[in-house]
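To keep things clear, I will list the structure first and then write my remarks on it.
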Amino acid sequence: MRELFVIGIGAGDPDQVTVQAIKAMNKADVFFVIGKGDEKQDLVDLRTTILEEHVTGPYRVVDIVDPPRDRTPSDYEGVVDDWHERRAALFEAEFASEPGVGAILVWGDPSLYDSTLRIVERVLARGNVSFDYSVIPGVTSVQSLAAQHRIVLNRIGEPVHVTTGRRLAEGLPDGVDNAVVMLDAHCTFTQVPGDNVQIWWGAYLGTPDEVLISGRLREVEDEIQRVRAELRERKGWIMDTYLLRR
């Protein structure tokens, strides 16, 4: 493989794919797709829809089975580092066997809570394959959340703190009044103290299954937990994002 495009494809809506991304996709001979198992077949189907809608020429799809990892480790950074190394080995093997131009489609944007760029750099650092690569930005779930709720992420002159559920469990830093939370598997918003907090929550953003809930946190937190549990039970997986504001 002589060239690779790492392409942000938005939160799931094919209409959110940028013109720059479409141009890059149409230069690719092969798309590398990381499979998450049968429970996330919906994500594979969404990628397929995006390719069918936007790519006009012939292409191949190479499925890569994502190696498993411990989701509740005591050594989080060590487990993730090992997972990235195993991912890099899989990518290296596929890159070495494919000629021409390759592409990886990344949900949202490759710069925000995604490991693809780190893994590509690991592959290059191993020294067994060599190629140029470019990064194409995409619409994040954070942007989609704000658009669907028709809100601005910050009040005038205020900063926005972007974090994970794991970090939120440690408490919000002093002075943070606007926090976007991603990758929260445990409804950590229920641990945020106070009666003066609002929440804007969204699941499956940018897809036909999108669900939105907003209001005062103490008034809607039970509803969000119930709806989230029902959705996860029905589909087998869930991706959600929310904004908290004091």
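Descriptive notes on the structure:
- Scan the range 13-35 for residues that are modelled with pLDDT under 95 and either in contact with a strand residue (DSSP E or B) (Cβ under 9 Å, 6 or more places away or on another chain) or not in a loop (DSSP other than H, G, I, E, B) (or both) and the total you get is 7.
- Flag for Val79 being modelled with pLDDT under 95, of a type in the set (A, V, I, L, M) and either surrounded by 13 or more Cβ atoms within 10 Å (Cβ to Cβ) or in contact with a His (Cβ under 6 Å, 6 or more places away or on another chain) (or both): yes
- Within the range 214-231, the residues that satisfy the criterion of being out of contact with any Cys (no Cβ under 7 Å at 6 or more places or on another chain), open to solvent by 60 Å² or more (accessible area, probe 1.4 Å) and under 10 Å from Thr190 (Cα atoms) are Arg218, Asp222.
- Asp15 fulfils the conditions (1) open to solvent by less than 60 Å² (accessible area, probe 1.4 Å); (2) within 28 Å of Ala146 (Cβ to Cβ) except for a single criterion, (1).
- Residue check, Arg234 open to solvent by 20 Å² or more (accessible area, probe 1.4 Å), of a type in the set (Lys, Arg) and closer than 22 Å to Tyr76 by Cβ: no
- Residue identified as assigned by the TED database to the domain that holds Ile224 and open to solvent by 60 Å² or more (accessible area, probe 1.4 Å) among Asp195, Asp177: Asp195
- Residue ID - surrounded by the fewest Cβ atoms within 10 Å (Cβ to Cβ), chosen from residues in the range 237-246 that are under 15 Å from Leu205 (Cα atoms), in contact (Cβ under 8 Å) with a residue 60 or more places away in the chain and not β-branched (Val, Ile, Thr): Trp237
- Of all residues in the range 43-76, exactly one satisfies the criterion of being at pLDDT below 85, touching a Gly at 6+ places or on another chain (Cβ under 7 Å) and either in a helix (DSSP H, G or I) or over 26 Å from Gly100 (Cα atoms) (or both), namely Val44.
- Candidates are the residues of the range 166-185 that are at pLDDT 95 or above and closer than 22 Å to Gly10 by Cβ; the one that is nearest to the chain's Cα centre (by Cα) is Met182.
The values are calculated or read from the model by the stated rules, or taken from the named source; none is laboratory data. These numbers were taken from a predicted model, which means no experiment stands behind them. Every residue, glycine as well, gets a Cβ built from its backbone with ideal geometry; the counts of neighbours run over all protein chains shown. Side chains included, ligands, DNA and RNA excluded: accessible areas come from the protein's heavy atoms. Shrake-Rupley method; radii C 1.70, N 1.55, O 1.52, S 1.80 Å.
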